1. Using alpha carbons only, how many angstrom separate the centre of segment 40-57 from the centre of segment 165-188?
2. Computed over the Cα atoms of segment 106-224, what is the convex hull's projected area averaged over all directions, in nm²?
3. Pulled fully out, how much extra length does the chain show between residue 79 and residue 113, if you take 0.36 nm times their separation in residues and subtract their Cα-Cα distance?
4. Distance in nm between label sites at residue 145 and residue 23, each 7 Å beyond Cα in the beta-carbon direction?
5. Once fully extended, how much extra length lies between residue 89 and residue 174, figured as 0.36 nm per residue of separation less the alpha-carbon to alpha-carbon distance?
6. Just to verify a number: FRET efficiency for residue 163 and residue 37, C-beta to C-beta distance, R0 = 41 Å, to 0.05?
7. What FRET efficiency comes out for residue 211 versus residue 120 if R0 is 35 angstrom and r is the Cβ-Cβ distance? Round to the nearest 0.05.
8. For residue 102 paired with residue 62, estimate the spin-label separation in nm (one decimal), with each label point 7 Å from Cα along the Cα-to-Cβ line.
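FYI, it's all coordinate maths here, none of it is from the lab. This structure is a prediction, so every number in the text was calculated from the model and none was measured. FYI the Cβ positions are ideal-geometry reconstructions off the backbone, even for glycines, and counts take in every protein chain you see.
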Amino acid sequence: MSKKRKKRKKLRVKNVFIFLLVLLVIAGFIYFMTFLKIRTYYVYHNNYLTDEEVLKELKLDKNSSFLLTNKPLEKIYIKKSKFIKDVNFHRTLDLELKIDVEEYKLLFFDKNLNKTIIENGKSIDYLDTSIPQLINKIDNDDVYKNFVKKMGKIDDNTKEMISEISYSPNGIDKERFLLSMNDGNYVYVTLTKLSKINEYKSIINSVENKKGILYLDYGNYFVPKE
């Protein structure tokens, strides 16, 4: 009876020793991994920021930990970033970190502020000639905020067709705007219907590409130039 107890005791001690050894190896591996540095960075889908600027925004450098660099941690920096909307990381066994970046879209250049407005409503010191210019001041804060929100719903391809935007309220509608198009046409539109500008190309094609004024504010009709 005593021999069996000794064997069981030895087996338990042996199992505990093996368990602690495995635990120690795992802990040692994790501890070692935390000291491994990222060897190379690759940045993808950044249109406005350079690779170096992306790394700076995410607080990444040659001393960053390969293991501890993760999306939840970087979300702290993303919230502070004016440019970066989201980011995903992909690691390789060669200690490479691939960073897939989603930037906020550029909406328009506000000439009154001399800044570019992006889809989160923030203003940045960046000039892109492919986006529309708001050439006058919107003196109503609520209208301005709604304008930014509605501009975020315009397709990028359609946005590139707009040259200038004028705030043009009248006695009926304080949210009325005049869009000057790159093809020489003009569009009157109210913010409630601004998303209809995404149909601009098909509308102009339907009037045989004539030049004139498209009224999207109180209806949907085109008046050609005389």
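1. When both Cα centres are located, 37 Å separates them.
2. 6.8 nm²
3. So the extension gain works out to 9.9 nm.
4. For residue 145 paired with residue 23, the spin-label model returns 5.4 nm.
5. 26.1 nm
6. 0.25
7. Rounded to the nearest 0.05, the efficiency is 0.45.
8. 3.3 nm
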